[in-house]
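Following: one structure in structure tokens, then a few remarks.
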Number of protein chains: 2
Amino acid sequence: MDVKTLGTLGERGAIKVIDGIVKSEADVGIGDDCAAIDIGDRYLLVTTDMMAGKTHVPKGMSPYDVGWTLVAVNLSDIAAMGGTPWGVVTAIGITRGHPIDFLGQIVDGMNDCAQRFDTSIVGGDTKEHESLALCGTAIGEVPKDEILLRKGAKPGDLVAVSGELGMAGAGYFSMKRSLSLNEAEGVLKRPWPRLREARVLAASGIVTSCMDISDGLSSSIYELSRNSGLTYEIDYSRIPKAKEVDEAFRDLERQKSLVLNFGDDFELLFTVKREAEEELKTLSVKADCPFTVIGKVTSGEENILIDESKRERLENLGYEHFRSRQS
Amino acid sequence: MDVKTLGTLGERGAIKVIDGIVKSEADVGIGDDCAAIDIGDRYLLVTTDMMAGKTHVPKGMSPYDVGWTLVAVNLSDIAAMGGTPWGVVTAIGITRGHPIDFLGQIVDGMNDCAQRFDTSIVGGDTKEHESLALCGTAIGEVPKDEILLRKGAKPGDLVAVSGELGMAGAGYFSMKRSLSLNEAEGVLKRPWPRLREARVLAASGIVTSCMDISDGLSSSIYELSRNSGLTYEIDYSRIPKAKEVDEAFRDLERQKSLVLNFGDDFELLFTVKREAEEELKTLSVKADCPFTVIGKVTSGEENILIDESKRERLENLGYEHFRSRQS
């Protein structure tokens, strides 16, 4: 019998199956970082993320890190829409053989992350499960005229990122090969949602589209491209690369792959109006966070990577579930 | 090494561990059916529920049923607080070996249930996982003066339930022993959240406390008792027993156990002001749903079951995760 499985389809294929069935009444629907529901004077934001034991918990992450990460990735989705969190609920599926202390540490990490970002775990569910499965849902709000969406960019807009890229990837390889890149490992283990920075951007009015880079820069560029119907030209030399990337790999091609494709940095990828480059610098100071222009929005044939004056097609090589991780 | 596991602690013990750590800023915190967040003019309600493959999916449930149930149990929590749903997000952890059609059927069930209750799946997440894990989160709203909580009952208040009890339990044993009690099996496979009925109750102002009976009547009575600090006297003869219970078991003790302890009926258990018995009848007609008084709130020593003029202690025998199911 020839039954097609999810392994043959991949995550994006699976999402298409779901999109074909679900009739959403959200004002901003499936496919953005959060769903946005019009509640009169503002949008309610809601986002959910599941983490599964083997797939999402690299060796070396403590239960505390796992709890922190679960909350952080959901808050990062609220940030990507320019929102302020109201609270987080978490569901924990865990085996009866897990030590009580293991559960306690997960919850400690969840609680600490929520508190650190001025919100709280407002409720949850704990169930027995064959293997560890965690699900977090963050709720938030955003003023209607400040919502940041994946769509909205216009040709000529500038493409920018917050922070530095490749840090989490460097952390991953540091853990794998005992390189002791502690700061990079910290970024991987305890992602830092850019909530405050995103609010500064959202309130400025110069941002035309935004998302968080959870699955890698290249895949996120393709996501913005799909949403705007436009193309993106990225200048590799302008991408703010974490110095830890150099420490993880000497090989320039491997560095490039890390910066472009690894993901897990949870930085913001956004576009701003073409005349706003100076204002972006001011906002960067205000937010106390680097905001760096790395390219521009075009209406070309395909997404382009410029590397030392060589123009090449930007490959979409981000992480996709149900398929094997490249590295 | 003597490591205490969750198996020794049980679900309620696990929840205590979590309560000891989490600092919630919700206005109604962990332990009620939903968390309620004050958003100015009303409360935002949010609830999350996880379903794990083996533990929560009895043989005979189709993927469609599983999807329906995931949404229904979350909407039932919104109902228990007197709320109206704004939307549901669902996270699906599934193996790469699952057929694409299996995912499609789950999503069909989720979508149909949401639509049936005038809401929608507004977003979600799909991830690879070692085994099937589903997590639903429902968001809703309730006017501040109409919120129904687990606490609030006063001595002398009447205890009431919606619908009939034991239906889902009869369905469970019907499936197990091929009794063909189709309606009962339907209740088990496709729970029916009492959203409309709960709104009628909430708007009336006569309800002093409420929850849904997901884990069985006895366990829910203990839950109300813990929240109100009072005791409850239940008259077994007044409990509206589904006729399917008689068809599932001749033995009266087994019937009693089903009605008191099985759960999964997703009916409402609530208290009303003592003078409101007549008004409750009017509301029952209005909601087109039986609302039946089954006892009263007392300030005694323990929760009591009156069975043919015999007064006995009501045992707390509801379903608890991490421990084995009684039957």
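Details
- Count - residues of segment B:177-192 that are free of Cβ contacts under 8 Å to residues at least 40 places away in the same chain and either assigned to a helix (DSSP H, G or I) or among the acidic types (Asp, Glu) (or both): 2
- For segment A:33-47, the criterion of being in contact with a helix residue (DSSP H, G or I) (Cβ under 6 Å, 6 or more places away or on another chain), modelled with pLDDT under 90 and assigned by TED's automatic domain parsing to the domain that holds A:Phe117 is met by at least one residue.
- For segment A:53-86, residues that are facing another protein chain (nearest Cβ under 8 Å) and either on the phi > 0 side of the Ramachandran plot or buried (at least 24 other Cβ atoms within 10 Å of the Cβ) (or both) total 1.
- Applying the criterion of being more than 16 Å from A:Thr126 (Cβ to Cβ) and at the interface with chain A (Cβ under 8 Å from one of its Cβ atoms) to the residues of segment B:14-33, the residue that is surrounded by the most Cβ atoms within 10 Å (Cβ to Cβ) is B:Ala26.
- Search result, residues across segment B:119-143 that are assigned to a loop (DSSP other than H, G, I, E, B) and more than 8 Å from chain A (Cβ to nearest Cβ): B:Leu132
- Selection from segment A:24-52 of residues that are in contact with a strand residue (DSSP E or B) (Cβ under 9 Å, 6 or more places away or on another chain) and at positive phi: A:Gly31
- Per this entry, A:Glu278 is not counted among residues that are loosely packed, with under 14 Cβ neighbours inside 10 Å, modelled with pLDDT of 95 or more and part of a strand (DSSP E or B).
- Filter result for B:Leu252 (out of contact with any Lys or Arg (no Cβ under 9 Å at 6 or more places or on another chain), surrounded by fewer than 19 Cβ atoms within 10 Å (Cβ to Cβ) and in the same structural domain as B:Leu181 (by TED's automatic domain parsing)): yes
- As for segment B:197-214, it holds at least one residue that is within 14 Å of chain A (Cβ to nearest Cβ), surrounded by fewer than 24 Cβ atoms within 10 Å (Cβ to Cβ) and touching a Gly at 6+ places or on another chain (Cβ under 9 Å).
- Matching residues, segment A:129-140, being free of Cβ contacts under 8 Å to residues at least 60 places away in the same chain and either buried (at least 24 other Cβ atoms within 10 Å of the Cβ) or outside the structural domain of A:Met51 (by TED's automatic domain parsing) (or both): A:His129
- Residues (part of a loop (DSSP other than H, G, I, E, B) and within 13 Å of B:Ile147 (Cα to Cα)) located in segment B:34-91: B:Cys34, B:Asp41, B:Met81, B:Gly82, B:Gly83
- The number of residues in segment A:145-176 being aliphatic (A, V, I, L, M), in a strand (DSSP E or B) and buried (at least 23 other Cβ atoms within 10 Å of the Cβ) comes to 4.
- Of the set (1) part of a helix (DSSP H, G or I); (2) buried (at least 24 other Cβ atoms within 10 Å of the Cβ); (3) more than 9 Å from chain A (Cβ to nearest Cβ); (4) not small (Gly, Ala, Ser), all apply to B:Val107 but (3).
- Residue within segment B:93-102 that is within 7 Å of another protein chain (Cβ to nearest Cβ), closer than 17 Å to A:Cys135 by Cβ and assigned to a strand (DSSP E or B) present: yes
- Pair list, Cβ < 6 Å and 6+ apart or interchain, from segment A:199-217 residues that are over 15 Å from A:Ala79 (Cα atoms) to residues that are in a helix (DSSP H, G or I) and among the acidic types (Asp, Glu): A:Ile206/A:Glu279
- Restricting segment A:284-319 to residues that are under 16 Å from A:Ser209 (Cβ atoms) and not aromatic (Phe, Trp, Tyr), the residue that is surrounded by the fewest Cβ atoms within 10 Å (Cβ to Cβ): A:Ser299
The values are calculated or read from the model by the stated rules, or taken from the named source; none is laboratory data. Just so we're clear, the structure is a prediction, and the values are computed from it rather than from any experiment. No Cβ is skipped: glycine too gets one built from the backbone with ideal geometry, and neighbour counts run over all protein chains shown.
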